[in-house]
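In what follows, a structure is listed as structure tokens, so that the remarks can point back to it.
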Amino acid sequence: MTSGFKYSDSNKRYHTYSYYIRQRFGQRVFRAAMDIGAGCPNRCGECGENGCIFCSDGSTPRGRFTGISPEELDKIYSDACEATGSKAQGAPFIPYLQSGSNTFGDIEAFEPVYRQLLSCDNALGLCIATRADCIDEDFADLFAELGEQTYLTVELGLQTIHDETALACGRGHTLAQFMQGYELLQSRGVNVGIHIINGLPKENADMMRETARLVGSLKPHCVKIHNLFFEEGTRIAEMLRRGEVRPLERDEYVSIICDQIELMPPETVIARLTGDADRRRIIEPEWSLHKLPVLNEIDKELSRRGTFQGSAL
């Protein structure tokens, strides 16, 4: 049974990443998440010391990336592919530089990494996670060049458009700084993904909808949304214990997500609607450990409303 939504061949009422990949490549393509040792300006003193209050890696003050040997990168890539499971062995992959800010360093250190990954067997593209304040003209030009050769996506962590929230979370950059980096990429036709988090301290549903409304107006290639995790070893976990913050209930989250989907242009790929918390460290919300029921509730709520992605535009 199909939903009738233009960018769906199933019951989904939004533009899923799996649908986009099938349409683009005609087959299933796995993503191999990798950690090449990239640092973050918000952990090494350039714009902060301990990362964001929800960051579980804040105790690792990695600085600017200085490079990695081809042999080390081959090993990281092989391990990442193997970690996806037996079904993915020998299947097409998109290397995903997920950990750290993968433009925080000299372009001469990063460019060989990008190009080596793209030359790997079965690599059909490249996904690079970073911060908008780590994008300059040189990186934007390089990504424009690579984007003409392959399926390239640059994912930028925004989390919220509200500067007061970003300050409270220790993000280390403002919305204006995010926009500068985004526009450098967008003006060159680079595929950009934007990450946002629901349930940040002192944000209400209206504020989360405002974030989605502005992000939708930017017409990004894709969007990733997930709820705030409270994990052991983070400052947000200590705030939870002191009663200063609370996790969203599942029904709240589903309602907000559906509102946000309705504010996204139909062409924008919804790459994530719930995240993957570390089961060994998560405190709250417990419901976030069960992704399929959450996604099912989102489907049911959109069906109940009779709405689709972009219905509120």
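A few points about this structure:
- Qualifying residue in region 275-293 (condition: within 15 Å of Gln159 (Cβ to Cβ) and surrounded by fewer than 17 Cβ atoms within 10 Å (Cβ to Cβ)): yes
- Residues of region 213-248 classified as within 22 Å of Ile128 (Cα to Cα) and of a type in the set (Gly, Ala, Ser), total: 1
- Within the set Ala140, Ala144, Ala109, the sole residue that is in contact with a Gly (Cβ under 6 Å, 6 or more places away or on another chain) and part of a helix (DSSP H, G or I) turns out to be Ala109.
- Candidate set from region 10-28 (those that are in contact (Cβ under 8 Å) with a residue 12 or more places away in the chain and assigned to a loop (DSSP other than H, G, I, E, B)); member that is farthest from Ile225 (Cα to Cα): Gln27
- Checking the stated criteria, Gly233 turns out to be on the phi > 0 side of the Ramachandran plot, in a loop (DSSP other than H, G, I, E, B) and modelled with pLDDT under 95.
- Residues that are in contact (Cβ under 8 Å) with a residue 24 or more places away in the chain and farther than 22 Å from Asp106 by Cβ within region 118-148 comprise Cys120, Asn122, Ala123, Leu124, Gly125, listed in sequence order.
- One residue from Ile270, Ile257, Ile298 being assigned to a strand (DSSP E or B) and modelled with pLDDT of 95 or more: Ile270
- Scanning region 29-78 for residues that are part of a helix (DSSP H, G or I), out of contact with any helix residue (DSSP H, G or I) (no Cβ under 7 Å at 6 or more places or on another chain) and buried (at least 18 other Cβ atoms within 10 Å of the Cβ) yields a total of 1.
- Scanning region 152-204 for residues that are at pLDDT below 95, surrounded by fewer than 21 Cβ atoms within 10 Å (Cβ to Cβ) and of a type in the set (Lys, Arg) yields a single hit, Lys202.
The values are calculated or read from the model by the stated rules, or taken from the named source; none is laboratory data. Since we're looking at a predicted model, the values are computed, not measured. We place every Cβ from the backbone using ideal geometry, glycine too, and count neighbours over all the protein chains shown.
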